[in-house]
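One structure is given here, and the rest of the page talks about it.
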Amino acid sequence: MDKKFDIIHGLIDESRKIVLTTHLLPDGDAIGSELALYYYFLKKGKDANIINHNESPDHLRFLDDKNIIRRYRDRKEENDRIIAEADLIFVVDTNEYARLRSMEDSIRKSKAKKICIDHHLGLDSNGFDAYVTDPESPATSEILYDFICTDSPDFIDKRIADNLYAGIMTDTGSFRYPRTTEKTFRICAELIKKGTDPVHVYDMIYNNIPQDKVKLLARFIDSLTFHFKRTLVIGTVTMKDFKEFHSDVKDVEGFSSFLMTMKHIKAGFLIVELPDSCKISFRSKGEVRINEFAKKYGGGGHKNAAGATVENADIFELKDKLVRDYETFISAKR
Ligand SMILES: [Mn+2]
């Protein structure tokens, strides 16, 4: 058994009340990881709660058919009490307290032991009592499969399998992103043996797009501009677009990877206008280390996928600045 897994299993055995949380704007891996652990903890006889900064996006609600996931601000006092009384807190799919957003203070203040299970770079190990982070892993859900199996594979029933599968499928871009390995497929094969229907999970998540979101996508595609011999593409989504198509920032999921589907493109930026800030998603192919570029905007991430938030920025001025800065960035690399 992995030594770090061992420590965490030991802490679970000693605990009674467990809280699970994840990053803002939770994706399939975040929610799949939380729910898989939640149902595992129930089987271990623990009292568990999932509390998130944001509500779950519509296309992932089917995973939480029992409405387990709480949104922090909906019942703030009660949620603060649950967090304060917990003896173990799991932070999954992120290693940064800042990404817990409104919950950061409450979680930090809790006397509970804090555990991080994640696959992003840049862990500050002082922030957690125990952690497993594997940046080579394509999804937190893949790490959790191993984690639960080191206790016993028998814990993985169809419900847990569905959640782990949803996490792995979404974070690998349906098994096509670089960190997808033979092991990923082996794990998914085991999950299918446990009852997961891969066609059903795919249909629920991807063949279920609200028509307004398709209209928003059309507007986004219309916004695309191409630069540097059409190797860089930038797309924008404004508050006006959101209003017109009754959508919000949750609905831009997938837009940044769409940028990378185009021929000749080496890098793509999605800029989303929010009430007091702009959110940038940086994407690249091959050897373009876009996380280095994202650093200029106070952001970070992986070599080919990074993000940043710029406060009080005008979206179109920010776009012009990105083009200028990217020119400097690529000429320095030549
Ligand atoms: Mn993830």
>> Can you give me the distance in nm between label points at K215 and I68, each placed 7 Å from the Cα along the Cα-to-Cβ direction?
In response: 3.6
> When every alpha-carbon pair in region 3-72 is counted, what percent end up more than 15 Å apart?
Replying inline: 53
> In sequence order, what are the phi-derived ³J(HN,Hα) couplings for region 33-39 according to the Karplus relation 6.51 cos²θ - 1.76 cosθ + 1.60 with θ = phi - 60°, rounded to whole Hz, with x for glycine and proline?
Replying inline: 5, 4, 5, 4, 5, 4, 5
>> Could you give each residue of region 52-60 its phi-based ³J(HN,Hα) in whole Hz, using Karplus coefficients 6.51, -1.76, 1.60 with θ = phi - 60°, and x for Gly or Pro?
In response: 10, 5, 9, 6, 6, x, 3, 6, 10
> Tell me, what is the percent relative contact order of the chain, built from C-alpha pairs under 8 Å that lie six or more residues apart?
Replying inline: 12
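What value, in deg cm²/dmol to 500, does the helix sum -39500 (n - 2.57) over DSSP H runs of n ≥ 4 give at 222 nm once divided by the residues of the chain? Spell out each step's value before the answer.
Details: 13 runs with 140 residues, N = 334.
Estimated from H runs of four or more residues: -12500 deg cm²/dmol.
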>> Give me the extension gain from K303 to T150: residue separation times 0.36 nm, minus the current Cα-Cα distance, reported in nm with one decimal.
In response: 52.0 nm
> For F185 and Y202 in one chain, what is 0.36 nm times their gap in residues minus the Cα-Cα distance, to one decimal in nm?
Replying inline: 4.6 nm
> Which net charge results for the neighbourhood of V92, defined as the other residues with beta-carbon distances under 9 angstrom from its beta-carbon, given Lys and Arg at +1 and Asp and Glu at -1?
Replying inline: -4
> In what order do R324, R75 fall by count of nearby beta-carbon atoms within 10 Å, going from fewest to most?
Replying inline: R324, R75
>> Within 10 Å of each candidate Cβ there may be at most 12 other Cβ atoms; applying that plus a DSSP loop requirement, which trypsin sites (Lys or Arg not before Pro) in region 88-177 survive?
In response: K111, R176
> Against the longest principal axis of the chain, how steep is helix 182-193, in degrees 0 to 90 to the nearest 10, with axes from Cα atoms?
Replying inline: 50
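Fewest Cβ neighbours within 10 Å first, please rank S174, S106 accordingly.
Taking fewest neighbouring Cβ atoms as first place, the list is S174, S106.
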> Can you list the residues, at least 5 places off or on another chain, whose amide H is less than 5 Å from the amide H of I50, using H built in the peptide plane?
Replying inline: L20, R70
> Points 7 angstrom from Cα along the Cβ direction at I330 and E244: gap in nanometres?
Replying inline: 2.9
>> Quick query: amide H of C116 versus all other amide H atoms, modeled in the peptide plane; which residues come in under 5 Å with a sequence gap of 5 or more or a different chain?
In response: V91, A130, Y131, V132
> Among R179, R230, R70, which one moves the most in a GNM of the chain with springs linking Cα atoms closer than 10 Å?
Replying inline: R230
>> Test of understanding: in a Gaussian network model of the chain with alpha carbons linked when under 10 Å, which of D314, D29, D134 would top the mean-square fluctuation ranking?
In response: D314
> If you wrap a convex hull around the C-alpha atoms of the chain and split its volume per residue, what is the figure in Å³?
Replying inline: 140
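We did not get these values from a lab; they are worked out from the coordinates using the rules stated. In this text the structure is predicted, and so the values were computed from the model without any measurement. Please note: Cβ atoms are built from the backbone with ideal geometry, for glycine as well, and neighbour counts cover all protein chains shown.
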